[in-house]
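Here's the structure we're looking at; comments come further down.
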Amino acid sequence: MTKPLLSVRDLVVEFPTRRGTLRALDGVSFDIAPGEVLGMVGESGAGKSITGAAIIGLIEPPGRIASGEVWLGDTRIDQLSPEAMRRVRGRRIGMVFQDPLTSLNPLYTIARQLTETIRTHMDASEGEARARAIALLDRVGIPAAARRIDDYPHHFSGGMRQRVVIALALAAEPELVIADEPTTALDVSVQAQIIDVLKEICAERGASVMLITHDMGVIAETADRVAVLYAGRMAEIGPVRDVILQPRHPYTAGLMGSIPTLEHAADRLVQIPGAMPRLDAIPAGCAFNPRCTQVMDRCLRDRPALRPVAPHHASACWLVDDKGAHHG
Amino acid sequence: MADPFLTVTHLTRRFDVSKPWLNRVLEREERQFLTATADVSFAINKGETFALVGESGSGKSTIAKMIVGLLAPTEGQIAIDGQKLDPKDPVSMRALRRRMQMIFQDPFASLNPRWRVGDIIAEPIHTLGLMPRAEITVEVARLLDLVGLSKADAGKFPHEFSGGQRQRIAIARALASRPDFIVCDEPTSALDVSVQAQILNLMRDLQDEFKLTYLLISHDLSVVRHMSNRIGVLYLGRLVEVADAKRLFHEPQHPYTRMLLDSVPDLALSGRRRKPVSGEIPNPISPPAGCAFHPRCPVAQDQCQIAVPALRPTPTGEAACLLAGVAPPTDA
């Protein structure tokens, strides 16, 4: 594998509270190669968004990165000063959030927001920045971009706003785009358009993408690899095809079985009993053990590490033995 | 076919979205109306699950609210078991209310945070005077058990439960009046998929046990496919297609249905590429003339801009398209 663009090592994020410290992220490690799309899935509270926020240094205090490292190319970015981090954000890492209205300032025109971003990070005159902004809007599929650039965010529909946000994220030609639930607030027919735009434009510019979503369908058609998070830990990571068709962690298997599909109608959905533990009540050993149908004594005592099960495919489960052989 | 359980005929609801009187006078503007539901007719048979799907703004929830009597229709009629629903007649409404209940999308907003779970579930029994006070505790325990919670949960408050458990409480409350018809408005869209599967399985089990009839409102086509017998597809307040659930997914008759199916992500990795569609839903205050879908339709003709097409029979049900039942589905 080539040298990764982003490398996250044993990341631990903690939130101190009156009743003790909560671990929202507990020893998460992964790499993203240049030009790769990594999907990050999990249920609410699994730590998907916290991972994204930790990488870009936007964890809300009192939360903090307790240990671990984040490397972007040859730069270690988890210990940068707020000033230096601000330069990394936008310039080297672009961001797309779920609700386009939170990323756009309602009081400024689209033109002002885009040219400001471009001029902050790149050497460009006002005119050049504007021309570049129009070209970007055109590229993300805004009709009549030259005219609409002087509109305010509220003049655009939800889907169009999300296109503007993508343009904004890519304005300074970042190496990595972190997209946190970019299509969750949109209707399904618009969702397909947005995913296509994001995928195409990142491929065109060679930007890597970290796509955070709870929607396995979106991952299936967009990502190269997928990481499955559970209770702040990584349960499984591997190529999308392998993880979806041959999941090696009981949680992933349950998750896949519980999704109703259009392709084949099942009479009953597979159900995982119970719900994900709260952060203050994560059981000892494997965090999934109370819900697992194949739980063993060992799972109650020792926490399984992420171990390879196939090339580029790893699972954190005791059912996978040291040779990578698999349970049924 | 047996007599339908619920019939909806020519149901229309308009909302007045005009500016205040003074602004209208000063700015010389007309009154503005938003037609959330336009001329919708369908029937639901006893014991079946009928689903309404559509994107936001298609009028799904407005229809649900009119059926349970939370909103009065502007025009049209709703009849349950042959009995006309009349919001102005409180006596008959009360009798009908016992027979139909509703489950809402957000289990955080639909349960009173200051009430204990036992009281929330007992409320419909009290209000409708269904049983003597002494028996209610036993009944609440039975309902909790039915939805997979324990008797002891009756003494807790809603905040002590997760989203999935709260939705179970909402279902127990809906079952308390022993209804035969439940309107489920996006019952699982606020839940994670593993919890969604639990709730959908529970809804099915309860349907089998109590011979319930469901009206399921959802934007999620895979949930709808999993749960329903027949499906109605809405676009901008109008019903564009009604079809048998199994066949709708293989033989969509209306171009909008086809577009909707094509835009669902493919989880089975069958290599099916989703076709992105052009355009977005138009503004419902001034919908396009004729068929509301014509600006986005790949097979639109001149006639489509003139008259709203009526529902006409197709091999799988009904569709409101001039081309339905005429041209074979084109693969453009």
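Somewhere in segment A:63-72, is a residue in a strand (DSSP E or B), of a type in the set (D, E) and out of contact with any Pro (no Cβ under 7 Å at 6 or more places or on another chain)? I'd like the intermediate steps shown before the answer.
Step one: list which residues in segment A:63-72 are in a strand (DSSP E or B), which gives A:64-72.
With the extra rule that they be of a type in the set (D, E), the set shrinks to A:69.
Remaining after also requiring out of contact with any Pro (no Cβ under 7 Å at 6 or more places or on another chain): A:69.
Checking segment A:63-72: at least one residue is in a strand (DSSP E or B), of a type in the set (D, E) and out of contact with any Pro (no Cβ under 7 Å at 6 or more places or on another chain).
In segment A:221-253, how many are facing chain B (nearest Cβ under 7 Å) and in contact (Cβ under 8 Å) with a residue 24 or more places away in the chain?
From segment A:221-253, those facing chain B (nearest Cβ under 7 Å) are A:221, A:241, A:244-245; that's our starting set.
Those still in the list that are in contact (Cβ under 8 Å) with a residue 24 or more places away in the chain too: A:221, A:244.
Qualifying residue count, segment A:221-253: 2.
You will find that of A:P283, A:P277, the residue that is surrounded by fewer than 20 Cβ atoms within 10 Å (Cβ to Cβ) and free of Cβ contacts under 8 Å to residues at least 24 places away in the same chain is A:P283 and no other. If you go through segment B:39-89 and keep only what is in contact with a Gly (Cβ under 9 Å, 6 or more places away or on another chain) and part of a strand (DSSP E or B), you end up with B:D39, B:V40, B:S41, B:F42, B:F50, B:A51, B:L52, B:V53, B:I78.
Taken over segment B:51-100, the criterion of being over 15 Å from B:D39 (Cα atoms) and among the β-branched types (V, I, T) is satisfied by B:V53, B:V68, B:I80, B:V91. Counting only residues that are within 14 Å of A:R163 (Cβ to Cβ) and at the interface with chain B (Cβ under 7 Å from one of its Cβ atoms), which one in segment A:192-218 is surrounded by the fewest Cβ atoms within 10 Å (Cβ to Cβ)? Filtering segment A:192-218 for residues that are within 14 Å of A:R163 (Cβ to Cβ) and at the interface with chain B (Cβ under 7 Å from one of its Cβ atoms), the one surrounded by the fewest Cβ atoms within 10 Å (Cβ to Cβ) comes out as A:D196.
For segment A:90-124, what are the residues that are touching a strand residue (DSSP E or B) at 6+ places or on another chain (Cβ under 8 Å) and at pLDDT 90 or above?
Answer for segment A:90-124, where residues must be touching a strand residue (DSSP E or B) at 6+ places or on another chain (Cβ under 8 Å) and at pLDDT 90 or above: A:R92, A:I93, A:G94, A:M95, A:V96.
The single condition from (1) surrounded by 16 or more Cβ atoms within 10 Å (Cβ to Cβ); (2) under 28 Å from A:V218 (Cα atoms); (3) of a type in the set (D, E, K, R) that A:E14 fails is (2).
Here's the yes/no breakdown for (1) at positive phi; (2) at pLDDT below 95; (3) not basic (K, R):
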| position | (1), (2), (3) |
| --- | --- |
| A:V197 | no, yes, yes |
| A:E200 | no, yes, yes |
| A:A203 | no, yes, yes |
| A:H214 | no, yes, yes |
| A:A220 | no, yes, yes |
| A:V226 | no, no, yes |
| A:A231 | yes, yes, yes |
| A:P239 | no, no, yes |
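When A:I134 is tested against (1) touching a helix residue (DSSP H, G or I) at 6+ places or on another chain (Cβ under 7 Å); (2) assigned to a loop (DSSP other than H, G, I, E, B), exactly one condition is not met: (2).
The number of residues in segment B:224-256 being surrounded by fewer than 24 Cβ atoms within 10 Å (Cβ to Cβ), within 14 Å of chain A (Cβ to nearest Cβ), in contact (Cβ under 8 Å) with a residue 40 or more places away in the chain and not aliphatic (A, V, I, L, M) comes to 6.
Only one entry in A:G57, A:G94, A:G52, A:G90 is buried (at least 19 other Cβ atoms within 10 Å of the Cβ) and either assigned to a loop (DSSP other than H, G, I, E, B) or of a type in the set (S, T, Y) (or both), namely A:G57.
The values are calculated or read from the model by the stated rules, or taken from the named source; none is laboratory data. Note that this is a predicted model, so its numbers are computed, not measured. Cβ atoms come from the backbone with ideal geometry, glycine included; neighbour counts cover every protein chain shown.
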